[in-house]
Amino acid sequence: MRSEALPAASAPAAGSDAAQAAGGALKSAPGAAEPDAAPATGGTADEPGVDRKTAVFTALKPEGEEPSAGSEAAPKGDVAESGPEAKADSRTAAVDAPKSTPGAAEPDAAPAAPVDRKTAVFKALKPGGAGTPAGPEDDAAPAAGGAAKSVPGSAEPDAAPVDRKTAVLKALDSRPASKPAGSEAGAAAGVDQPTAMLKLPPQPAELPAERTSKFVPLRADEVRAPAQPAGGPVVEAERTRQQPMPPLPPLDLLAELTNKPAPPETPTRTVVRRVKIWTPLLVLALIIFAVVQAVRPLPTPSLKLTANSAYTFEGDKPALPWPGEGQGFMAATGLGTVDSFGEQKAVPIGSVAKAMTAYVVLQDKPLKPGAKGPSITVDAKAEEDGGLDAQGESTLNTVKEGDKLTQHDALAALMIPSANNIARLLARWDTGGSEEEFVKKMNDTAEELGMKNTKYTDPSGLDATTVSSAEDQVKLGQELVEIEALMDITKLPEWTDPSGKTWRNYNTLVPYDGALGIKTGSTTKAGGNLLFAAHKMVGDTDQLIVGAILGQHQAPIIDTVNAASKEVMRATQDELDGATIVKKGQVVGEVDNGLGTKVPLVAVEDVKAVGWSGLTVKLELTDGAKSVPQSAAAGTHIGTLTVGEGKSQVEVAVALQSDLAEASFLDKLTRVG
């Protein structure tokens, strides 16, 4: 590579302030002889080529030039100017050579602005000629690349072309050239031959705006105090005041701490972030839900009827042979009304009222079948009322004050000979002496049974103000037939009192055709009245029927009502029939374990019901007062199928058609209720 020598810059006269160039180049003073170019580093002639990277980092190193011995020390990092007000840009001063005023001694160095080495590098790279001559003015800008400018009046050799790249590297060389004390010439910047080919031409003069620009530091550590004149007061550098920055968002702060900037916010990132946040919570909720479902108590299995809930017997509704006067009503216990006639209204019922007297006593003091019950002492009032038979009343005239009657005998005297004095005695015995309180009990009970047309004013029924209807008396009769101890009395054709006297039953229906009696009643105002009951075996069912006929005035009234009642009773018994409603093995229902598993239920035998033509009976599936198991084998009896009500009710067991399996974990997990 061809080498090229740079012209050496002449040093200023002895005793003047020699300013050293930032890149190692000096400006020659007018009239001074130019010495041979000395090496820029230590004065050695053979300096190796400048490393460009080292030159750049050296230029950026915050250190000033060392002043020579005997000269006035310039402030660190500043460049001397000939003009008193001229200030060089701190960054441009790093590459500009010092200026000297021709023919005059240089004054004390004026303070210069801090040198910004980065700006010096970029200014050195500005395009311009290397050999541009300086103007006549004092503050001529130095040529870029470290080329020396001649002052007018001095001899200037022909300037050789300068390589711009080499000039930049020389400008970045921050190593100052030392000169001996009292010497008049500074060391010229030297380069080797390969570097000389890369010299850049000198840069044009700076504009005033560039030279006077003010550097605003971006950080507090970049604030440097401006250069102060020698011997002058020290001025503290102005510090930059910055407002505190607001806190960063968590994600941005984390990214800054990890030296990784947060990615930009996008809809996709938002969705992904929400999925990452909510997925663990959802999984935890599902686990908790599964555990709760697994340990929850299992629901109690229930039974459901799948067969028809009712069955209707074929044929038309029966028409019973009712009498031509009064009113009547006929029903079968547990099945419903068979037939009725006349207007169901309140009429005097006579001694039929004693049926309610017996019912109230037995509700307060129950009597078991075959038992005699507690003893009742006959008081003077009962003995006195026994003599009223002479006036036509029905009484038990064989009792005396102080006699003892068992509860069974007192009820027999009440229902068979229809003794009024014993009815009043039972009322006083039940309440502790008050007949009025007992009558109140009679009316309260009638209201409970739904006897809307009934009102009692005395316990015997002798008063015409004691009224009721045939329908109301049938309601009471259906309750009485359920009391076996009482039916054992009323079905007797006669009864013998403790004195040995026998009394006939005025209900002549007994003991025929399965009649159960109950109570007769006859007065002039009430006519002949009869509340009767009977039973009939239909298959395996003992079916009870209850009827009442009131207001029979054809004499003899008691015989008339007995005859009419007998015909109606026998006709009703003939209407009763049995029918197979459900056959053995037929599916009648299902068991539901509450978790979605259902197993059919079948009848273990034929289900037969009692009824009559046109009758509709109800079917019901119950658990038989036993809890249904969670699991069971096929054939296990689970519940009961019932048909009808009361004594006419038919019950048949039902069983599982197949195995009832225990609930699985999946069944428990997916249960809702």
> When the label point is put 7 Å from the Cα of Glu567 along its Cα-to-beta-carbon vector, which residues of the range 447-470 have a backbone N closer than 20 Å?
Replying inline: 470
> Distance in nm between label sites at Leu286 and Glu620, each 7 Å beyond Cα in the beta-carbon direction?
Replying inline: 4.8
> In what sequence, highest mean first, do 386-394, 324-332, 290-298, 586-594 appear when ranked by Cβ atoms within 10 angstrom?
Replying inline: 324-332, 586-594, 386-394, 290-298
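Summing +1 for each Lys or Arg and -1 for each Asp or Glu, what net charge is found among the other residues whose Cβ lies under 15 Å from the Cβ of Ala555?
Values: positive: Lys525; negative: Glu325, Asp559.
Combined, the nearby Lys, Arg, Asp and Glu give -1.
Which FRET efficiency value, to the nearest 0.05, is calculated for Gln586 and Gln293 with the Förster distance at 51 angstrom and r the Cβ-Cβ distance? List each step's numbers first, then the result.
Details: r = 37 Å, r/R0 = 0.73.
E(calc), rounded to 0.05, equals 0.85.
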> Excluding ligands, DNA and RNA, what is the solvent-accessible area per residue of the range 350-415 at a probe of 1.4 Å, expressed in Å²?
Replying inline: 42
> Counting Lys and Arg as +1 and Asp and Glu as -1, what is the net charge of the other residues whose Cβ lies under 12 Å from the Cβ of Glu437?
Replying inline: -2
> Expressed in nm to one decimal, what extension gain is obtained for the pair Leu666 and Asp513 from 0.36 nm per residue of sequence separation less their Cα-Cα distance?
Replying inline: 48.7 nm
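How much length is gained on full extension from Lys525 to Ala390, taking 0.36 nm per residue of separation minus their Cα-Cα distance? Please report the intermediate quantities before stating the final value.
Numbers: separation 135, 0.36 × 135 = 48.60 nm, distance 1.95 nm.
So the chain would gain 46.6 nm between Lys525 and Ala390.
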> Could you give the nm distance between label points at Thr268 and Leu251, where each point is 7 Å from its Cα heading toward the beta carbon?
Replying inline: 1.4
> Going 7 Å from the Cα of Asp364 toward and past its Cβ, which residues in the range 398-430 have a backbone nitrogen under 12 Å from where you end up?
Replying inline: 424-430
>> Please give me the summed charge of the neighbours of Ser418: other residues whose Cβ is under 14 Å from its Cβ, Lys and Arg +1, Asp and Glu -1.
In response: -2
> What does the highest-first list of 541-550, 575-584, 494-503, 453-462 look like by mean Cβ count within 10 Å?
Replying inline: 541-550, 453-462, 575-584, 494-503
> From the square roots a ≥ b ≥ c of the eigenvalues of the alpha-carbon gyration tensor of the range 359-511, which class results: rounded (a/c under 1.5), prolate (a/b over b/c), or oblate?
Replying inline: rounded
> Lys598 label point, 7 Å along Cα→Cβ, cut-off 13 Å on backbone N: hits in the range 268-309?
Replying inline: 302-307
> Given labels modelled 7 Å from the Cα in the Cβ direction, how far is it in nm from Glu447 to Ala634?
Replying inline: 5.8
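The values are calculated or read from the model by the stated rules, or taken from the named source; none is laboratory data. Source: prediction; values computed, not measured. Cβ sites come from the backbone with ideal geometry, for glycine too, and all protein chains shown count toward neighbours. The area values use the complete protein model at the heavy-atom level, side chains included, leaving out ligands, DNA and RNA. Shrake-Rupley method; radii C 1.70, N 1.55, O 1.52, S 1.80 Å.
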